[in-house]
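Here is the structure we will look at, set down as C-alpha cells.
The values are calculated or read from the model by the stated rules, or taken from the named source; none is laboratory data. Bear in mind that the values here come from a model prediction, so they are computed numbers and not experimental data. Cβ: placed from backbone, ideal geometry, glycine included. Neighbour counts: every protein chain shown.
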Amino acid sequence: MYRDNISPFRYTTRPTNTSVLYCIKAEPTYFINVIGTTIEDELLDNQIDVNLPTNVDLTMMLNQDIQLNDKITNYDEIKVKIGLDTGTGTSNRDIKTIETNDISYTATIGNDAYTMDMTVVAGSGIHTANIIFSFKDDETFTAIRSGYYCTGTKSWTGLKLLSIKGIKTTSVVQGGNFGGNGSSNSNCDCGILTTAQITKAVTDTKTEWDK
C-alpha cells in the first residue's frame, strides 16, 4: 500500500476575520433643558375698600394711594383683582392683568390709567360699577376714580380691592453634551456647553425640551 510521508498536520484551518471594524469619530450631541417656573407674590397687605358714589351715574374722585409691599418692576406682570361689596360679603369678582413693561407712572386720568368695569343684573335693575386706577410709582397703586350706575335701587356698598399680585416667570437652564472634553461629571464624559451654545439653544427651543 502506498503511503506518502506528508504530515497529517500540514493542512491546518485558521480563523478568518470576515468583518472590518471602523473607528468613527462623532461630534458631541448637545442637549438643553429650559425649565419655566411661574411665581405669584401678593403685593397688597390687606384688602382695600374703594368708595362708590351714592348718586346715580356719578363719578367720584378718589386719589387714593395704596402702598405696595414690593416694587412692580421686580415682576413681569401685575394682576389686579376687585369685587363688589354687598355689605354682607364680596361678589362678582373681576381680574385685570397688565404687563409691567407697558406701565407708565401717573396719578391722573389719561392713556396710562386703567379701567375695570363690572355689570350685574340684579332684582332691582342693572348695576354697573367701575374703578379707574394707575400706578403712581413702582410701589404705589392709585385709585383715581370710581363710578356707579343703577336702573333701580342701589344694592352695593362699594368696591373692594381684593389683591394685587406680582407674576414672574423664571427659567432654569440645564445644558451639556454626551461626549467631548470638559466633563462636569466625574462618572461620565459630559462636556459643558459654552454660553453661546446655551444662548442659541434657549432661543431655538423657547422653553421646550429638546428631543
Requested in this report: Name every residue in region 124-163 that is basic (Lys, Arg) and within 24 Å of Ala107 (Cα to Cα), in order of residue number.
Outcome: Lys136, Arg145, Lys160
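Here's the yes/no breakdown for (1) modelled with pLDDT of 90 or more; (2) within 21 Å of Ser163 (Cβ to Cβ); (3) buried (at least 19 other Cβ atoms within 10 Å of the Cβ):
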residue: Gln47; (1), (2), (3): yes, yes, no
residue: Pro53; (1), (2), (3): no, no, no
residue: Lys71; (1), (2), (3): yes, yes, no
residue: Asn74; (1), (2), (3): yes, yes, no
residue: Lys79; (1), (2), (3): yes, yes, no
residue: Asn92; (1), (2), (3): no, yes, no
residue: Thr100; (1), (2), (3): yes, yes, no
residue: Ile126; (1), (2), (3): no, no, no
residue: Lys136; (1), (2), (3): yes, yes, no
Report task. Could you tell me whether Leu193 is modelled with pLDDT of 85 or more and either part of a loop (DSSP other than H, G, I, E, B) or under 30 Å from the mean Cα position of the chain (by Cα) (or both)? Result -> no
